[in-house]
Every structure is written in structure tokens, then in C-alpha cells.
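To start, the structure under review is shown below, and the notes come after it.
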Amino acid sequence: MKKNMGTTDKIIRISIAILIGVLYYTETISGTTALVLGLFAVIFAITSLVSFCPLYLPLGISTCKKK
């Protein structure tokens with residue numbers, strides 16, 4: 001897996017994942033909405049940690065700085 005995520009992309013994804021976690025913890029979201037957003041939060045966190053987004057690959061997107 002070649003890295004295709006830049007620092008800004010990772011920060012945004014982690015921030016969204018944290019926001020979803022806070023919304024769930026404060027019971028602002030619940031039920032099916034909480035499950036779906038929770039799944040997105042986990043996916044955002046994992047892709048940020050590995051610096052690779054599988055969806056970017058077929059679309060030819062890369063937010064990494066060019067070397």
C-alpha cells in the first residue's frame with residue numbers, strides 16, 4: 001500500500017472521528033445514526049493511522065506532498 005494521504009487530510013479525518021465520538025458520548029446521536037457515524041469514525045481513524053485511503057486509489061487522488 002502506497003501512502004496517499006497528506007497531513008492535513010489525516011488531521012481532518014481524526015478530528016471528524018473525535019467529533020463523532022463526542023457526539024455519541026454526549027448522547028446527541030443515537031440509534032442507527034450513531035452506528036453508521038460510528039462506523040465512519042472507525043474507518044476515518046484507521047485510514048488516518050495507515051495513511052492510505054482505498055477510495056482514493058481508483059479515483060487517482062493523492063493528498064501527499066510531491067517529492
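The values are calculated or read from the model by the stated rules, or taken from the named source; none is laboratory data. In this text the structure is predicted, and so the values were computed from the model without any measurement. When we count neighbours, we look across all protein chains shown, and the Cβ atoms used for this are built from the backbone with ideal geometry, even at glycine. The accessibility values were calculated without ligands, DNA or RNA, using every heavy atom of the protein model including side chains. Shrake-Rupley method; radii C 1.70, N 1.55, O 1.52, S 1.80 Å.
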Pick out, from the range 2-67, the helices (runs of 4 or more DSSP H) lying fully within it that include 2 or more residues that are in contact (Cβ under 8 Å) with a residue 60 or more places away in the chain.
none
Filter the range 4-50 down to the residues that are under 10 Å from the mean Cα position of the chain (by Cα) and not hydrophobic (A, V, I, L, M, F, W, C) and list them by number.
ASP9, LYS10, ARG13, SER15, THR47, SER48
For the range 15-54 the number of residues that are among the hydrophobic types (A, V, I, L, M, F, W, C), in contact with a helix residue (DSSP H, G or I) (Cβ under 9 Å, 6 or more places away or on another chain) and open to solvent by 60 Å² or more (accessible area, probe 1.4 Å) is 7
Apart from one, (1) surrounded by 12 or more Cβ atoms within 10 Å (Cβ to Cβ); (2) at pLDDT below 95 all hold for LEU59; the odd one out is (1)
